[in-house]
Amino acid sequence: MSKMLGYSLTLGDFDAWFAFSAVATVRLSETERAALAFAALKSLSPSKAELAADAAISGAGSPSASFFGGMEDARSWANFASRSELKAHALAAYEALPVTDQMAFRRHISEVEIAL
C-alpha cells in the first residue's frame, strides 16, 4: 500500500487515485480504510473536508450522454453511482424498453444466473 500511495502521489491524477481506492479495497480492512479516510479528512479544513466527504458519498448523478458506445460509458458511470442510483436507473431503463427487449433482458439475466 505504501508503494501504491507513492505512485498515486507522484501521478496525482484522477486515475491514479481511483486505482489507489481499488487496491485499498483489496489490501486494507474496512477499519483500516475508515481510519485512513478519517485521518485524511482531519488534515483538511472543515469546508474542504465536507466537500471531499460529500463527493465520496453523494453518488454519480445522472448518466451523461453516450458518445462512444453505450456499454463503456454506462459501466464507467455505474462505477461511481450509489446503490439507490443504480436501482433507480436500472428500473427506469428497463421500463422504457419495448416488451421484446424486456423479454430478451429477462432471458439474459436468467442465463447469467444459471452460469453463476
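The values are calculated or read from the model by the stated rules, or taken from the named source; none is laboratory data. All figures in this text were calculated on a predicted structure; none of them were measured in a lab. Backbone-built Cβ (ideal geometry, glycine too); neighbour counts: all protein chains shown. All accessible areas refer to the heavy atoms of the entire protein, side chains included, with ligands and DNA or RNA removed. Shrake-Rupley method; radii C 1.70, N 1.55, O 1.52, S 1.80 Å.
Details
- The set of residues in region 1-15 being assigned to a helix (DSSP H, G or I) and farther than 20 Å from Ala81 by Cβ consists of Ser2, Lys3, Met4, Leu5, Gly6, Tyr7, Ser8, Leu9, Thr10, Leu11.
- Test: Phe18 is open to solvent by 60 Å² or more (accessible area, probe 1.4 Å), out of contact with any helix residue (DSSP H, G or I) (no Cβ under 7 Å at 6 or more places or on another chain), part of a helix (DSSP H, G or I) and more than 25 Å from Ser76 (Cβ to Cβ): no
- Residue match in region 81-103 (condition: assigned to a helix (DSSP H, G or I), in contact with a helix residue (DSSP H, G or I) (Cβ under 9 Å, 6 or more places away or on another chain), of a type in the set (S, T, N, Q) and surrounded by 10 or more Cβ atoms within 10 Å (Cβ to Cβ)): yes
- Applying the condition of being in a helix (DSSP H, G or I) and polar (S, T, N, Q) to region 21-56 and asking which residue is nearest to Met4 (Cα to Cα) yields Ser21.
- When the criteria are applied in full, Ile109 fails the requirement of being out of contact with any Leu (no Cβ under 7 Å at 6 or more places or on another chain), at pLDDT below 85 and open to solvent by 60 Å² or more (accessible area, probe 1.4 Å).
- Region 37-52 - residue that is open to solvent by less than 100 Å² (accessible area, probe 1.4 Å) and within 25 Å of Ser76 (Cα to Cα) and, of those, modelled with the lowest pLDDT: Ala52
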